[in-house]
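What follows is a short report on a single structure.
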Amino acid sequence: MIEFILNDVLIKTNSPPGLPLLDFIRQEMGLMGTKIACREGDCGACTLMVGELDGDKVSYKTIVSCLTPLVNVQSKHVVSIEGLNGDQLSHVQQAIVDHSGTQCGFCTPGFVISLMTKSLSDANSNLDETLASVDGNICRCTGYKSIERAVKDIWEVNQRRKDKDAPQWMVKNKYLPEYFLSIHDRLSNIILPDERIKKSNVILGGGTDLMVQKADSIMHAGLQTLREKDILHGIMIEDDHCILQAGATVTELLTSLELRSIFPGIQKYFKLLSSTQIRNMGTLGGNIVNASPIGDLIVFFLALDAKLQINSPDGGRRSVALKDFYLDYKKIDLKQGEYVEALSFNIPLHGYQFNFEKVSKREHLDIASVNSAILLHLQDNLIKDVRLSAGGVGPIPMFLEKTSSFLQGRRPDVESLSEANSILQDEISPIDDIRGSEEYKRLLLRQLFIAHFIELCPDQIRMDQLQEILIQI
Amino acid sequence: MSGSNQDGSATGNFDSNMRNTDSIGHVTGKSVFLDDIPEIKGSLHAVAFASSLAHGKLRKLNLSAALQVPGVIRILTYEDIPGENQVGGIILDEPLLAETEVHYIGQPIAVIIAESAHIARQARALIHAEYELLPVITDPREAYEKGELLFPPRFFESGDVVSGWEECEYIFEGRAETGGQEHLYLETQGAYAYPDETGNLKIHSATQGPTLIQKTVARILGVAMNRVEVDVRRLGGGFGGKEDQATVWAGLAGLSAQVLQKPVKMVLSREDDMYMTGKRHPYTSDFKIGLTKELKIIALELSLFQNGGAASDLSPAILERTLFHVTNSYFIPNVKAAAYSCKTNLVPNTAFRGFGAPQAMFVMEAAISKAAIELKIQAREIQERNLIREDELFHYGQVATNAHALPSWDDAMKTFHIEERIAAIKKFNQNNSLIKKGMALMPVCFGVSFTKTPMNQARALVHIYQDGSIGISTGAVEMGQGVNTKMKQVAARIFSVDPRRIKLETTNTTRVANTSPTAASSGADLNGKALQNACEALLRRVLGVARKMIAVDCENIEIKEERIITDGKTSSFTWENLIEKAFLDRVNLSENGHYATPFIHFDKSIEKGHPFAYHVFGTAFIEVTLDCLRGQYNFDGVHIVHDFGNSMNFELDRGQVEGALMQGIAWMTMEEISFDKTGKLLSNSLSSYKIPDIYAAPDIVDVKALERDGPDIAIMKSKAIGEPPFMYGIGAYFAIQDAIKSFNSDYKSDFIAPFTPEKILLALYQNRSRP
């Protein structure tokens, strides 16, 4: 039995735990405002709002319902477009009407949900951040300019809230139905089911990979959800290292104050990872075990020499270096019944710099052609320590050991980079595929490799020399 | 009058600049699309089983395991078709279900009907087909060389290129290629069919062409057209993809419903939609261009090879439009163009916004670019000098009238200070080594009308109910372009009533028969004119009643904002009073308007005539910033002067410009369709085929209306808007090329679109040894 609140209604259902929430909403509840367009989390037409208890309030975020198994909304408040409609249009709906931000209308409910969620969550967002709330919503008709004009209106209205409580303020202005104010108490009355990890269960994070790859087979599987705060969640600093629980979502990583202090550029890097909805769902552990050769988080943490804490439900524990976890294409060092509990890395000491680069066909919400991360320590203009990683250039995400050790002790100038690139090109083995040709991936990694140094130590790179080298190497 | 109309007019005022009449339904999620129609109890669901081989003989089809799956009702093959197994629209060369041969991957072979789509898909995985492999062709030039053409080639000729070359100081030759494009309408294809008590069929279809569906389904079932009713509320995007290609799915749903005498719904998954439906035609073309010393283009010779796929679909009409637009906005006295539709083992390609014209204009612009590069001058010098002027002749014999090519160019140059912008780009590039800017100007000239003259007709049915409310049915299909809003505006203007009185009915073949598809940017013109005729006839009738009722002697009687005005004096009589009186007087308050575009004709035997009602012109300036380290780009701005005529709804029309522009830019950049050698689609999902997200939009899109009146032949002098702005996007290609050249002067332009980040990076470092 799965129990949650859908709009204003308490739902208790025996539907399969792996049933996509989208199908439950449309087929079982007959709520047709949520649309089916891609079923792989790439368009946002099925976006829903999901709220969960967070102290004395309810925190809302967006998810794509096509990839959300029903079990993942246990004890939550699920809101579809029907649950947002009141006697009059909300400021979000009105702005979209006023600015003709809707043409065929098929994507529109998804946009409304994303912008309403943004309005409910963060009063201090600037215009760019408000726009970013629809980074996972695709519109084929408008070309987005009318939507941008609408978002500007919405942002301006949201500014008027100042520090007032969002739901209260929105209800008072008739932007939100009144029932939202009772949701906190009603959620508190739902009893959480037992959440211990059992051996027989498929451990499911956000579903963003599994639900794309194996939707039919996991529909009826015994599912272990990680979506409750006490299971595999949390970001901790212990002495000189940082521990990230496997169930942490990308959004949790992105907004973590701890990680922001370690990686000042984390928001810029992670903005290139998928979309708001998918970041709200996808987990660190899921990205690690999915073992994509182009996995963004894997490449990110490979440069940090991260270690994985692996558990089995019967109490066994072991630790493995992330770089040793990948054995071959989609083959990982994980035995039947084992699961990744956490990832940890030593916090880079003072003087260390970090950079992450990613290039894909579309800059946002796309899978990389090549990605790369670097951890660099310069002392007296010499490379004291360096760790370079890259994805999309081999069967597994790669820690580039040879290139890294070659650079040790050298000046980060154009000549060293040029020599290092020859080693780099020997170390990788990209293939032609839908993300690009071998030739392109080799060239692109060279470029990203240089980009790391331009980002981190631009004064060491002489532009005239670089121009020369870009031609020669 | 209070309350809002059930179809949700966003405004109740008499001003015609209203918002999309559907927009309230859209933002509240109440708008009903095909898959949202409440299902009749007992409805079944259909899924197609398609060929996994691009070319072969179908030796064996084993359905037994699939039929064992609980919940599977029936699997139909071509043998179950009672009528003709044929869905070809122009040429009868495409079966609904493959018989003994398959010609492309994704060609439907059987249809599985089950209690749910989920069950049908499970069963599909158990169907086993055995094939004998035949040679596969995916390359149009290879098909051409082997004589594999879908239909005979077409040749357009004007002047004499042979003597033309002699006048030329410069002659350049080259090749240009454009890729395909997925429509990626957010709503996939689908249909829902059910029989009525006498065995007639009603079909809800996500189609741009209800009559085409009716005609095709009747043919498949072997019944008369009047036994098939097709109804369309709205589409979640069409872009041409639901013009001819909606028929297969309506055909399969209709066949299933007829055979089983049950309601059957068929909605394609995105994956099925992507590999089973056609796309924009890729073209590969050879060009030869000749200019005088003064840069006047004297002669143009082209061979255009269209990749048609495995069946003709709309390719003949698309190929024809390609030939009409080979000179884009330019006057060229000597033209010789040959066009070939090549038969390949790919899904049949189809209509897509622009309908062959973008492919033609890309070749023209590539030829100009090639000449400019060779002559070391700016392309705009050639462009500007050759823009077509009043009374000059298009190569197909039509005289250019209201030729706004030069006015829009001049307006853009002045309004947007383009010379200053170009100087700023130059300066920026001098000061930056790893970031470069580039620009391009893109003039567009697009002919409006179906090039097949008989299709330029429409009808509209108007009822005024006795309470004064109005119901309108036309043949136009609403797919986001706002045609229903424009229809409402037409009626509201003519009657001078509150638009909230007016309801747009669904597009339905029993109310409006023999419709042309909503396509060719002509939906508002054709249906609007038919509606105008109906409304004006009704208006004459009710004004006759008014005259009898209140003002027998007045000179001038009219309705203004729902009041009867006699000789300029407002009377106390309202629209409602008038209609009530007219009804009691037994006046006919219904009217069926008909419209056929005058003047147009085209003689295919000489390839000359006057095929277009009018032309739409415009000029775009497009500016890009290129990260030359990473090969990524950002469009800083697109500044457009567009020839709207007297736009009847600028808000809607601007939305069409912005949306079409974005699709055009994406066709030139990120949208890359890839097939492997065996004919298998590799870009088969939204994770491998990228359409623009919000960050892909240009930072600024500035759209200014050219201040020229539209022609009377356009609805309310408001020119057609759907397709022309798509072609502004072509400028994106040349802007990127311009930026690349600032970084790598050795780059040899190859005029192969799209310019993906991969192609850009390789171009930036072209002619340099491998890394």
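The values are calculated or read from the model by the stated rules, or taken from the named source; none is laboratory data. None of these values were measured; they are calculated from a predicted model. Note that we place each Cβ from the backbone using ideal geometry, even for glycine, and neighbour counts take in every protein chain shown. Side chains included, ligands, DNA and RNA excluded: accessible areas come from the protein's heavy atoms. Shrake-Rupley method; radii C 1.70, N 1.55, O 1.52, S 1.80 Å.
Quick check, is B:Asp244 under 20 Å from B:Ala311 (Cβ atoms), open to solvent by less than 10 Å² (accessible area, probe 1.4 Å), charged (D, E, K, R) and out of contact with any Cys (no Cβ under 6 Å at 6 or more places or on another chain)? Against the criterion (under 20 Å from B:Ala311 (Cβ atoms), open to solvent by less than 10 Å² (accessible area, probe 1.4 Å), charged (D, E, K, R) and out of contact with any Cys (no Cβ under 6 Å at 6 or more places or on another chain)), B:Asp244 does not qualify. The selection criterion, being among the small types (Gly, Ala, Ser), in contact (Cβ under 8 Å) with a residue 60 or more places away in the chain and under 21 Å from B:Ala257 (Cβ atoms), does not hold for B:Gly159.
Is it true that some residue in the stretch A:369-376 is at the interface with chain B (Cβ under 8 Å from one of its Cβ atoms), touching a residue at least 40 places away in the same chain (Cβ under 8 Å) and in contact with a strand residue (DSSP E or B) (Cβ under 7 Å, 6 or more places away or on another chain)? Looking through the stretch A:369-376, at least one residue is at the interface with chain B (Cβ under 8 Å from one of its Cβ atoms), touching a residue at least 40 places away in the same chain (Cβ under 8 Å) and in contact with a strand residue (DSSP E or B) (Cβ under 7 Å, 6 or more places away or on another chain).
Taken together, B:Asn328, B:Asn307 contain a single residue that is part of a strand (DSSP E or B) and either surrounded by fewer than 24 Cβ atoms within 10 Å (Cβ to Cβ) or within 24 Å of the chain's Cα centre (by Cα) (or both), which is B:Asn307.
Put simply, of B:Ala129, B:Ala114 the only residue that is small (Gly, Ala, Ser), under 27 Å from B:Thr216 (Cβ atoms), buried (at least 21 other Cβ atoms within 10 Å of the Cβ) and touching a Lys or Arg at 6+ places or on another chain (Cβ under 9 Å) is B:Ala114. Screening B:Glu94 with (1) closer than 30 Å to B:Pro454 by Cβ; (2) within 14 Å of chain A (Cβ to nearest Cβ) gives one miss only, at (2).
The single residue among B:Ala492, B:Ala537 that is small (Gly, Ala, Ser) and buried (at least 18 other Cβ atoms within 10 Å of the Cβ) turns out to be B:Ala492. Every listed requirement among (1) crowded, with 20+ Cβ neighbours inside 10 Å; (2) within 28 Å of B:Leu314 (Cβ to Cβ); (3) of a type outside the set (A, V, I, L, M) is met by B:Arg124 save one, (2).
Does A:Thr108 fit the bill of being surrounded by 24 or more Cβ atoms within 10 Å (Cβ to Cβ) and more than 16 Å from A:Gly51 (Cβ to Cβ)? Spelling it out, A:Thr108 is indeed surrounded by 24 or more Cβ atoms within 10 Å (Cβ to Cβ) and more than 16 Å from A:Gly51 (Cβ to Cβ). Candidates are the residues of the stretch B:414-434 that are part of a helix (DSSP H, G or I) and touching a residue at least 12 places away in the same chain (Cβ under 8 Å); the one that is farthest from the other protein chains (Cβ to nearest Cβ) is B:Ile422.
Can you spot a residue in the stretch B:688-697 that is over 23 Å from the mean Cα position of the chain (by Cα) and open to solvent by less than 20 Å² (accessible area, probe 1.4 Å)? Before you say what the answer is, go through the steps one by one.
Kept after step one, since they are over 23 Å from the mean Cα position of the chain (by Cα), are these residues of the stretch B:688-697: B:688, B:695.
After this cut, where a residue has to be open to solvent by less than 20 Å² (accessible area, probe 1.4 Å) as well, the list is B:688.
Yes, because at least one residue in the stretch B:688-697 is over 23 Å from the mean Cα position of the chain (by Cα) and open to solvent by less than 20 Å² (accessible area, probe 1.4 Å).
Considering the stretch A:450-471, and only residues there that are surrounded by 22 or more Cβ atoms within 10 Å (Cβ to Cβ) and more than 8 Å from every other protein chain (Cβ to nearest Cβ), the residue that is farthest from B:Gly631 (Cα to Cα) turns out to be A:Phe453.
Residues in the stretch B:155-186 that are closer than 30 Å to B:Thr515 by Cβ and touching a strand residue (DSSP E or B) at 6+ places or on another chain (Cβ under 9 Å): B:Phe156, B:Gly180. The residues of the stretch A:320-361 that are more than 14 Å from chain B (Cβ to nearest Cβ), in contact (Cβ under 8 Å) with a residue 60 or more places away in the chain and among the small types (Gly, Ala, Ser), listed by number, are A:Gly337, A:Ala342, A:Ser344. Put simply, of A:Thr108, A:Thr102 the only residue that is in contact with a helix residue (DSSP H, G or I) (Cβ under 9 Å, 6 or more places away or on another chain), within 7 Å of another protein chain (Cβ to nearest Cβ) and free of Cβ contacts under 8 Å to residues at least 40 places away in the same chain is A:Thr108.
Quick check on A:Glu427: is it open to solvent by 10 Å² or more (accessible area, probe 1.4 Å) and under 22 Å from B:Thr756 (Cα atoms)? Even if it seems obvious, please write down each step before you answer.
Details: open to solvent by 10 Å² or more (accessible area, probe 1.4 Å): yes; under 22 Å from B:Thr756 (Cα atoms): no.
Here the answer is no, as A:Glu427 does not meet what is asked.
In the stretch B:269-286, the residues that are farther than 11 Å from A:Cys38 by Cα reach residues that are open to solvent by 10 Å² or more (accessible area, probe 1.4 Å) and among the acidic types (Asp, Glu) with C-beta atoms within less than 6 angstrom, at least six apart or across chains, in these pairs: B:Thr284/B:Glu177. Cβ-Cβ distances below 9 Å connect the following pairs, each with a first residue in the stretch B:624-635 that is open to solvent by 30 Å² or more (accessible area, probe 1.4 Å), a second residue that is in a strand (DSSP E or B) and of a type in the set (D, E, K, R), and a separation of six or more residues or different chains: B:Asp627/B:Lys436; B:Arg630/A:Glu357; B:Tyr633/B:Asp627; B:Asn634/B:Asp627. Evaluation of A:Lys152 against the conditions (1) more than 14 Å from every other protein chain (Cβ to nearest Cβ); (2) open to solvent by 80 Å² or more (accessible area, probe 1.4 Å); (3) not β-branched (Val, Ile, Thr) shows that the sole unmet condition is (1). Is it the case, given these coordinates, that B:Asp411 is part of a loop (DSSP other than H, G, I, E, B), away from chain A (no Cβ under 14 Å), on the phi < 0 side of the Ramachandran plot and not polar (S, T, N, Q)? Taking the combined requirement at face value, the residue does not satisfy it. One residue is enough: does the stretch A:121-132 have a residue meeting the conditions closer than 30 Å to A:Met219 by Cβ and either open to solvent by less than 10 Å² (accessible area, probe 1.4 Å) or more than 14 Å from chain B (Cβ to nearest Cβ) (or both)? For the stretch A:121-132, residues closer than 30 Å to A:Met219 by Cβ and either open to solvent by less than 10 Å² (accessible area, probe 1.4 Å) or more than 14 Å from chain B (Cβ to nearest Cβ) (or both): absent. Name the single residue that is nearest to A:Arg462 (Cα to Cα) among those in the stretch A:404-424 being open to solvent by less than 60 Å² (accessible area, probe 1.4 Å) and more than 14 Å from chain B (Cβ to nearest Cβ). Only one residue fits best here, namely A:Asp413.
When you scan the stretch B:32-42, how many residues do you find that are in a loop (DSSP other than H, G, I, E, B) and either open to solvent by less than 10 Å² (accessible area, probe 1.4 Å) or of a type in the set (A, V, I, L, M) (or both)? Give the steps one after another, and end with the answer.
In the first step, residues of the stretch B:32-42 are kept if they are in a loop (DSSP other than H, G, I, E, B); the result is B:32-33, B:37-42.
Applying the additional criterion that residues be either open to solvent by less than 10 Å² (accessible area, probe 1.4 Å) or of a type in the set (A, V, I, L, M) (or both) yields B:32-33, B:37, B:40.
Within the stretch B:32-42, residues that are in a loop (DSSP other than H, G, I, E, B) and either open to solvent by less than 10 Å² (accessible area, probe 1.4 Å) or of a type in the set (A, V, I, L, M) (or both) number 4.
Tell me, which residue of the stretch B:653-687 that is hydroxyl-bearing (Ser, Thr, Tyr) and either open to solvent by 10 Å² or more (accessible area, probe 1.4 Å) or more than 8 Å from chain A (Cβ to nearest Cβ) (or both) is farthest from B:Gly729 (Cα to Cα)? Working first, answer last.
First pass over the stretch B:653-687, keeping only residues hydroxyl-bearing (Ser, Thr, Tyr): B:669, B:674, B:678, B:683, B:685, B:687.
Subset that is either open to solvent by 10 Å² or more (accessible area, probe 1.4 Å) or more than 8 Å from chain A (Cβ to nearest Cβ) (or both): B:669, B:674, B:678, B:685, B:687.
On the way: B:Thr669: 10, B:Ser674: 21, B:Thr678: 31, B:Ser685: 24, B:Ser687: 23 Å.
Checked the stretch B:653-687; the qualifying residue farthest from B:Gly729 (Cα to Cα) is B:Thr678.
Among helices (runs of 4 or more DSSP H) entirely within the stretch A:256-344, having at least 2 residues that are under 30 Å from A:Ser133 (Cα atoms) singles out A:257-262, A:266-270, A:276-281, A:284-290, A:296-302. Looking at the stretch A:57-66, can you tell me whether even one residue there is within 30 Å of B:Gln208 (Cβ to Cβ) and at the interface with chain B (Cβ under 9 Å from one of its Cβ atoms)? Checked against the condition, which is being within 30 Å of B:Gln208 (Cβ to Cβ) and at the interface with chain B (Cβ under 9 Å from one of its Cβ atoms), the stretch A:57-66 yields no hits at all. Within the stretch B:447-465, being assigned to a loop (DSSP other than H, G, I, E, B) and open to solvent by 50 Å² or more (accessible area, probe 1.4 Å) holds for B:Lys452, B:Tyr465.
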